[in-house]
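Beneath this line is the structure, given in structure tokens, with notes to follow.
The values are calculated or read from the model by the stated rules, or taken from the named source; none is laboratory data. Just so we're clear, the structure is a prediction, and the values are computed from it rather than from any experiment. Please note: Cβ atoms are built from the backbone with ideal geometry, for glycine as well, and neighbour counts cover all protein chains shown.
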Amino acid sequence: MTNQPPALTLEGVRFTWPGGKFGLAIDAFNIAAGEAVFLRGPSGSGKSTLLSLVAGITTPQQGRIALQGEDLTGLRASRRDRVRAEQTGVIFQMFNLVPYLTPLENILLPLRFAPNRRQRCGVLQAAALDLTRGLSLPDDLVLSASAGTLSAGQQQRVAVARAMIGTPPLIVADEPTSALDNEARADFMALLFQQVRASGAALLMVSHYPTLSDGFDRVVDLADVAQGMKAAA
């Protein structure tokens with residue numbers, strides 16, 4: 001693991017939302033290959049803003065963001081999107097499944113934009129079912145149900161399989177347990193760690209629930225790596 005480039009590198013990043021809304025200043029933040037990092041901070045401190053930068057949903061005005069050593073800031077938009085699709089799997093807070101597609105179809109969606117991940121899967125349906133079985137989802141539900149009819153816990157597990165398919169080196173999770181009760185959160189975290197460790201991926205997760213930090217390699221306070229800022233007047 002030490003011979004691999006960091007899964008994620010941020011250097012001198014500056015970002016402010018349009019209209020002078022809250023932004024972040026991040027001088028340096030790194031996640032090693034295979035490392036599991038729990039990012040904590042109070043509501044409104046910028047955790048989701050940081051994840052949106054890492055996931056490529058937003059682009060910084062200044063600074064460098066690199067995935068496995070590849071600097072994204074100097075790339076054309078199409079190439080940048082391709083690298084992010086190949087290198088990151090994202091578990092959104094609200095899951096963001098396409099409700100009229102089956103779980104299998106939702107899981108395979110990222111592979112349309114990530115041919116290397118697709119190639120690593122081999123037989124696509126078999127790769128997806130291997131993930132969903134590990135997440136305790138029955139095959140008939142995965143193959144034939146509409147995602148919009150699933151329970152919150154089932155949708156969450158489909159979202160994890162979608163992030164993990166094709167073994168991207170970095171998994172980004174934004175409050176992935178917010179729709180679950182305490183017992184279900186613990187069960188989910190056990191399954192998530194099992195999948196991440198099996199693939200060798202790094203994990204960056206933010207959550208309001210400090211008890212979920214158990215099992216992570218590193219717990220990071222957002223205030224230690226980033227400063228909230230306002231746009232200049």
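A few remarks follow.
- Residue check for V83: more than 27 Å from L212 (Cα to Cα), surrounded by 13 or more Cβ atoms within 10 Å (Cβ to Cβ), touching a residue at least 40 places away in the same chain (Cβ under 8 Å) and β-branched (V, I, T): no
- Candidates A190, A202, filtered to the one that is within 17 Å of the chain's Cα centre (by Cα), under 28 Å from A33 (Cα atoms) and free of Cβ contacts under 8 Å to residues at least 24 places away in the same chain: A190
- Selection status of S45, of a type in the set (S, T, Y), farther than 21 Å from R84 by Cβ and either touching a strand residue (DSSP E or B) at 6+ places or on another chain (Cβ under 9 Å) or at pLDDT 95 or above (or both): yes
- Leading residue by the ranking (modelled with the highest pLDDT) among those in segment 177-208 that are touching a helix residue (DSSP H, G or I) at 6+ places or on another chain (Cβ under 7 Å) and of a type in the set (S, T, Y): S199
- Condition broken by P103, with the remaining ones in (1) surrounded by fewer than 17 Cβ atoms within 10 Å (Cβ to Cβ); (2) farther than 25 Å from L67 by Cα; (3) touching a residue at least 40 places away in the same chain (Cβ under 8 Å) satisfied: (1)
- Extreme residue, farthest from R84 (Cα to Cα), among residues of segment 172-183 that are surrounded by 15 or more Cβ atoms within 10 Å (Cβ to Cβ) and either in contact with an Asp or Glu (Cβ under 8 Å, 6 or more places away or on another chain) or not acidic (D, E) (or both): L180
- Among residues of segment 122-140 that are more than 13 Å from R162 (Cβ to Cβ), those with a Cβ under 7 angstrom from a residue that is of a type in the set (A, V, I, L, M) and at pLDDT 95 or above, sequence gap 6+ or separate chain, pair up as Q125/L104; L129/V142; D139/L129.
- All of (1) surrounded by fewer than 19 Cβ atoms within 10 Å (Cβ to Cβ); (2) touching a strand residue (DSSP E or B) at 6+ places or on another chain (Cβ under 7 Å) hold for P5 with one exception: (2).
- Checking each residue in segment 28-42 for being surrounded by fewer than 19 Cβ atoms within 10 Å (Cβ to Cβ) and modelled with pLDDT under 90 picks out only P42.
- Of all residues in segment 48-107, those satisfying the criterion of being of a type in the set (V, I, T), at pLDDT below 90 and in contact with a Gly (Cβ under 8 Å, 6 or more places away or on another chain) are T49, T73.
- Subset tally (residues that are out of contact with any helix residue (DSSP H, G or I) (no Cβ under 6 Å at 6 or more places or on another chain), buried (at least 21 other Cβ atoms within 10 Å of the Cβ) and of a type in the set (K, R)) for segment 114-167: 1
- Checklist (1) surrounded by fewer than 16 Cβ atoms within 10 Å (Cβ to Cβ); (2) within 23 Å of V206 (Cα to Cα); (3) of a type in the set (V, I, T) applied to T73, failing item: (2)
- Subset of segment 61-76 (residues that are within 22 Å of G23 (Cα to Cα) and of a type in the set (A, V, I, L, M)): I65, A66, L67, L72
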